[in-house]
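What follows is a single structure, written as structure tokens, with notes after it.
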Amino acid sequence: MNKLKRNGAAVLFLLFVFLLLSSCADVTPIKECVKDEPYRFLGGLWHGVIAPVSFIGSLISDSIAIYAVNKNGGWYDFGFVPGAGILFGESSRASR
């Protein structure tokens, strides 16, 4: 029981540190990001396919994002999910 309390205290401490650090995150106003036409279905599909490359790029540069800010809502999301599924779906089948 003592080990359970220590693990619980460690989890709560890590959660507290995570929340503390995430409260300092910088937010860019959306009006500065939206300058072009919004991305639609095909843009979402393409961004879903290149999501792994975008993720690695976002670790290196702050100007690269995985998900478009200037999107038109549901159609972009509808394209992004199958686009990511094309790549990630095939890799899960290959691992079997």
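The numbers here are math on the coordinates, done by the rules we state, and not lab data. Remember, it's a predicted structure, so these values are computed and weren't measured experimentally. Quick reminder, even Gly has a Cβ in these numbers, built from the backbone with ideal geometry, and neighbours come from all protein chains shown.
General remarks:
- 17 Å reach of a label modelled at K35, 7 Å along Cα-to-Cβ, counting backbone N of segment 46-70: 62-65, 68-70
- Segments 43-49, 8-14 sorted - mean Cβ within 10 Å per residue, highest first: 43-49, 8-14
- The label point for A65 and the one for L19, both projected 7 Å from the Cα toward the Cβ, are 2.7 nm apart.
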